[in-house]
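Structure first, then comments.
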Amino acid sequence: MILHQALAQCRTLVVEGPDGIGRSGLIAELARHGFMIRRSHGHLHHVNPTQPYRELLAAPGRLAVDGSLVHELVYGPLRRGRSRVTWIQALDFAEAVAERDGALIHVTGETDDTEAVDAYERALRTLSQHVPVVTLDAAQLGRPIRAPATPQSQLGGCTKALTIS
């Protein structure tokens, strides 16, 4: 799946990517496409870290969530030695996004944090078995998101009869 397909087919998009890679252009574009933008406020719940995201996913209509449990899967081990989110919880979250006709958008770009980049790639590769993942380079975020132009038929402009001798 590519981004313009996700915009047309998905009710839910979860935007993910390493810290330091700007996502504001993409978030603004999603809002222009009719997505209600939500961010989880505050820290993860200590008993049930998926609770705030379950509440976000319960909202009606088209929804875009900026960041999620994947951030904790990546940065928990890098910053504290372990994640507060289990893989079971992350897979359950991915399935909940998929059930809501959703996809994860993996924003990539230049960053000095190669450990986080590698960890995001591993995490999203695993989650892609449960929910579609769209990878998008942050450098592409400055342009409006549109479907690719349909290719012109090479014979479409030919109006004369074809004669073979």
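The values are calculated or read from the model by the stated rules, or taken from the named source; none is laboratory data. Just so it is clear, the model here is predicted, and its values are computed rather than measured. Heads up, the Cβs are rebuilt from the backbone with ideal geometry, glycines too, and the neighbour counts pull from every protein chain shown. With ligands, DNA and RNA removed, areas are computed over all heavy atoms of the protein, side chains included. Shrake-Rupley method; radii C 1.70, N 1.55, O 1.52, S 1.80 Å.
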*Would you compute the Debye intensity of the stretch 36-96 from its alpha-carbon atoms alone, equal scatterers and no solvent, and pass along log10 I(q)/I(0) at q = 0.12, 0.23 Å⁻¹ to two decimals?*
-0.28, -0.98
*With the full set of protein chains in place, find how many percent of the accessible area of the stretch 89-128 is carbon and sulfur; take the probe as 1.4 Å.*
38
_Surface per residue (accessible, 1.4 Å probe) for the stretch 22-115, Å²_ = 53
*Sequence-distant or interchain residues sharing an amide H contact under 5 Å with ALA64, placed H: which?*
LEU13, MET36, ILE37, ARG38
*Report ³J(HN,Hα) in whole Hz for each residue of the stretch 22-32, in order, from the Karplus equation J = 6.51 cos²θ - 1.76 cosθ + 1.60 where θ = phi - 60°; Gly and Pro get x.*
x, 10, 5, x, 5, 4, 4, 5, 5, 5, 5
*Please give, to one decimal in nm, the separation of the simple spin-label points placed at GLN5 and THR86, each 7 Å out from Cα toward the Cβ.*
3.4
*5 angstrom amide H check on ILE105, placed H, neighbours 5+ away*: VAL14, VAL15, GLU16, VAL134
*Note down the Stokes-Einstein diffusion coefficient of the stretch 1-126 in µm²/s, whole number, using a Kirkwood radius over alpha carbon pairs, 37 °C, and 0.692 mPa s.*
221
*Could you work out how far apart the two model spin labels at GLN51 and SER128 are, taking each label as a point 7 Å from the Cα in the direction of the beta carbon, and quote it in nm?*
3.4
